[in-house]
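Have a look at the structure below before the remarks.
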Amino acid sequence: MAWAAVAAGLAGCGAGGLFGDSGGSGPFGGFGGGKGAAAREADTIRVTPDDGARGVPPDGRLEVRVPDGRLESVRVRRVQDAEPAEVPGAVAPDGRSWRPGPGTRLALAAKYAVDAVAVDGRGRRSARHTTFTTLVPESRFIGYFAPEDRATVGTGMIVSFRFNRPVRNRAAVERAIRVTADPPVEVAAHWFGDERLDLRPERYWRSGTRVTVDVRLRDVEAAPGVYGIQRRTVSFTVGRSQVSRVDAAAHTMEVRRDGRLLATLPVTAGAPETTTYNGKMVVTELYEVTRMNGATVGFKDASGKSEYDIKDVPHAMRLTESGTFLHGNYWAGPSVFGAANVSHGCVGLRDVKGGSAESPAGWFFDRTLVGDVVEVVNSRDRKVAPDNGLGGWNMGWARWKAGSALR
């Protein structure tokens, strides 16, 4: 299967076209969206608590509001936990606000994601994604981790823990986390600093593998006087193999399913001044529609304003924590796809406003799992850092194992 660019469509958005990260390797901070004061000030969807807030009381204020128009949908969900759960709530009759149900209390030591879509008075949609974490008692620590229990993931999934406090006794914490597979395969751990621990096999998981994550952190002393509170077992299943190869020079993406070429799609990658990372990246989030604001990843004009702010980006798939996405693009001229690189670092597939399942972007989105691998080659940029998103596949096995506290 192959797609060619059509002969008519929407104009591109300014000198760039797409957007995302231009190459800077940012810190890992869970799998949330881009954050920044500039984006918050411009948001038409207002969320309380603020994006990235920590230590939120379980009975603290939780609200989503719009100054005009109406909220189309709001979803508040506990994430990166063995027991993900929806927060019950309702949109007010006037459509302007959402609040949790009476008597609702958030869980302690939990991470929550808020996803809201609104429609303004002129029928234009916008989306907002934020995250926050609730209070953890001072003498306790917790690991937020992915993937979730009972998930089906791609073969490139890496089990990743992010701890809310620095871990000084890495060996004790690492011993308390065991990842096993059926059929069996060696799984090794690698620390990225004092707050992140990733675990993976030497090569991508074999399709059909059932992976079990046994977390025994309760009463483990991670630092002087700081003890764990988690004790649980979760499992996930590895689905079919899908690895997609983006050739930034040829402007194409080959999608291979179980080793067989499924499709060749025309793409646009990073422009010469804002190139796309090379290397293996893993899909960590999927959004049918999301908002992207250049200020959150450093793209500002001379006046300090964002170079772009597109509120309804369709079919967005996150590849790095620092802001690289593979997403639908309805604003660039159709002749760009397969012919030129015009983005701010993302990889763009042709789409229509609102997103279409019949477009290349919609087709690919509907066939993508969290954990699928996208590899970029022939870009004039460096290789993505192993700690940027789930970039650990860019590190050799010997070096990976050397990052264990138990070596």
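Work out how much length Val119 to Ser73 would gain on full extension: take 0.36 nm times their residue separation and subtract the Cα-Cα distance, in nm to one decimal.
Numbers: separation 46, 0.36 × 46 = 16.56 nm, distance 0.96 nm.
Working it through step by step, the gained length comes to 15.6 nm.
Once the mean 1/r over all distinct Cα pairs of region 93-245 is inverted, what Kirkwood radius in angstroms do you read off? Numbers along the way, then the final one.
Working: mean 1/r = 0.0556 Å⁻¹.
Mean inverse Cα-Cα distance, inverted, gives 18.0 Å.
Run the numbers for Leu261 and Val352: contour at 0.36 nm per residue of separation, minus the present Cα-Cα distance, in nm.
Values: separation 91, 0.36 × 91 = 32.76 nm, distance 2.52 nm.
Length difference between fully extended and current span is 30.2 nm.
Check each of the trypsin sites (Lys or Arg not before Pro) in region 55-111 and keep only those in coil by DSSP with at most 11 other C-beta atoms within 10 angstrom; list them in order. Please list the in-between numbers first.
Details: sites: Arg61, Arg65, Arg70, Arg75, Arg77, Arg78, Arg96, Arg105, Lys111; in loops: Arg61, Arg96, Arg105.
For trypsin sites (Lys or Arg not before Pro) across region 55-111 that sit outside H, G, I, E and B with at most 11 neighbouring Cβ atoms in 10 Å, the list reads Arg61.
What FRET efficiency, computed as 1/(1 + (r/R0)^6) with R0 = 35 Å and r the Cβ-Cβ distance, is obtained for Arg203 and Arg380, rounded to the nearest 0.05?
Plugging the Cβ-Cβ distance into 1/(1 + (r/R0)^6) gives 0.80.
Among the GluC sites (Glu not before Pro) within region 167-273, which fall in a DSSP loop and have no more than 12 other Cβ atoms within 10 Å of their own Cβ? Before the final figure, lay out each step's value.
Working: sites: Glu174, Glu186, Glu195, Glu202, Glu221, Glu254, Glu273; in loops: Glu186, Glu195, Glu202, Glu273.
Taking region 167-273 and a limit of 12 other Cβ atoms within 10 Å, the loop GluC sites (Glu not before Pro) found are Glu186, Glu273.
Place the peptides 129-139, 320-330, 282-292 in order of packing, highest mean first, counting for every residue the other Cβ atoms within 10 Å and averaging per peptide. Intermediate values should be presented prior to the final figure.
Details: 129-139: 18.3, 320-330: 27.3, 282-292: 21.9.
Output ranking for 129-139, 320-330, 282-292: 320-330, 282-292, 129-139.
What does the extension gain come out to for Arg54 and Asp219, with contour length at 0.36 nm per residue minus their alpha carbon separation? It would help to have the intermediate numbers written out before the result.
Working: separation 165, 0.36 × 165 = 59.40 nm, distance 2.26 nm.
That pair, Arg54 and Asp219, stretches by 57.1 nm at full extension.
Taken together, the values in this text are just the output of simple stated rules run on the coordinates, not laboratory data. Bear in mind the structure is a predicted one, so any value in this text is a computation, not a measurement. Note that we place each Cβ from the backbone using ideal geometry, even for glycine, and neighbour counts take in every protein chain shown.
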